[in-house]
1. State the number of residues belonging to the stretch 125-142 that are in a helix (DSSP H, G or I) and either surrounded by fewer than 22 Cβ atoms within 10 Å (Cβ to Cβ) or not charged (D, E, K, R) (or both).
2. Quick one: residue 59 ticks every box in (1) surrounded by 18 or more Cβ atoms within 10 Å (Cβ to Cβ); (2) modelled with pLDDT under 75 except a single one, so which number is it?
3. Has the stretch 187-196 got at least one residue that is among the aromatic types (Phe, Trp, Tyr), over 28 Å from residue 24 (Cα atoms) and assigned to a helix (DSSP H, G or I)?
4. I want to confirm something. Restricting to the stretch 160-188 and keeping residues that are more than 18 Å from the chain's Cα centre (by Cα) and β-branched (Val, Ile, Thr), which single residue is modelled with the lowest pLDDT?
5. Among the residues of the stretch 227-238, is there at least one that is more than 17 Å from the chain's Cα centre (by Cα), at pLDDT 90 or above and either within 26 Å of residue 31 (Cβ to Cβ) or among the hydrophobic types (A, V, I, L, M, F, W, C) (or both)?
6. Please identify the pairs in which a residue from the stretch 17-45 that is in a helix (DSSP H, G or I) has its Cβ atom under 8 Å from the Cβ atom of a residue that is at pLDDT below 90 and charged (D, E, K, R), counting only partners at least 6 apart or on another chain.
7. Identify, please: which residue in the stretch 173-200 is among the small types (Gly, Ala, Ser) and touching a residue at least 60 places away in the same chain (Cβ under 8 Å) and is, among those, surrounded by the most Cβ atoms within 10 Å (Cβ to Cβ)?
8. Just to verify a result, which residue in the stretch 96-110, among those that are hydroxyl-bearing (Ser, Thr, Tyr) and assigned to a helix (DSSP H, G or I), is modelled with the highest pLDDT?
Amino acid sequence: MLITVSGLDGAGKSTLIGGLRAALERHGHAVAVLHMNDDVGVYAYARRARDGVLRLLGGEGRRPRPAPLGSPPVPRSGAGGRGLRGLRDTLRRVRYALVWSTTVRWCVYPIDLLIFALHRLYVEKLTKRVLVMDRYFYDTLVDLRARGRRRGIRVLERLTPTPDVPVLLDVPPEQAFARKTEFSIDYLRRRWAAYQTVLSWVPSCVTLPNADVRQAQRGLWRVVTARMPGPLGRRRRWLAGLDRANGGGRGL
């Protein structure tokens, strides 16, 4: 089973995923959680290679995750310097040029789909775990749309495997900014509008408001158990059918 959670920075994705993972494990399901930026795709592997090179050059640890496309530019360092310091500065400039390139991102998208298919085969088929994605390819499409790259996005969306439970964690840009002031409100508003457009192309997407974390977690659990194969899903569907027959309001 594939569950994906998308949304603005500061929407509360990590908290929601942590609660879902704990609930699934209490019911006997093994769970794997992957982050789209850290674990899947060309950029993730390139960052790992870069981190290894940087550690060899200067003993530096892991650097912060790169900003999404469309965010305010990251300032470059001052004087280039010489030797190892100059090489690190050069690697940093190359990194930001690649991350900010919508053309490169568009071109590596099909490669990332192939890499993700291998991850999914291993997690779901070979190790029999529920796969939960913190961000998904839909977030990449939002990055591209927020940067004005609209041509071809629908083609990429149609190539993207539809999750069993695609979730848009929906919070107002102002609320996301209050939680995480890394990006401007104007940028978050543009990105929020892009999320509404991209996820509207996915009929099975579940939009969950996150004004109340517990309520959002309960809503996600109801959706997951309703769509889950096996005894847990069958029990949830049976209860929902019984409530409808009795005129109750327990259904999703």
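1. Count: 7.
2. For residue 59, the failing item is (1).
3. yes
4. 181
5. Yes: the stretch 227-238 contains one or more residues that are more than 17 Å from the chain's Cα centre (by Cα), at pLDDT 90 or above and either within 26 Å of residue 31 (Cβ to Cβ) or among the hydrophobic types (A, V, I, L, M, F, W, C) (or both).
6. 37/65; 38/47; 38/65; 44/38
7. 176
8. Among residues in the stretch 96-110 that are hydroxyl-bearing (Ser, Thr, Tyr) and assigned to a helix (DSSP H, G or I), the one modelled with the highest pLDDT is 109.
The values are calculated or read from the model by the stated rules, or taken from the named source; none is laboratory data. Quick caveat: nothing in here was measured; it's all calculated off a predicted structure. In this analysis, Cβ positions are derived from the backbone assuming ideal geometry, glycine residues included, and neighbour counts consider all displayed protein chains.
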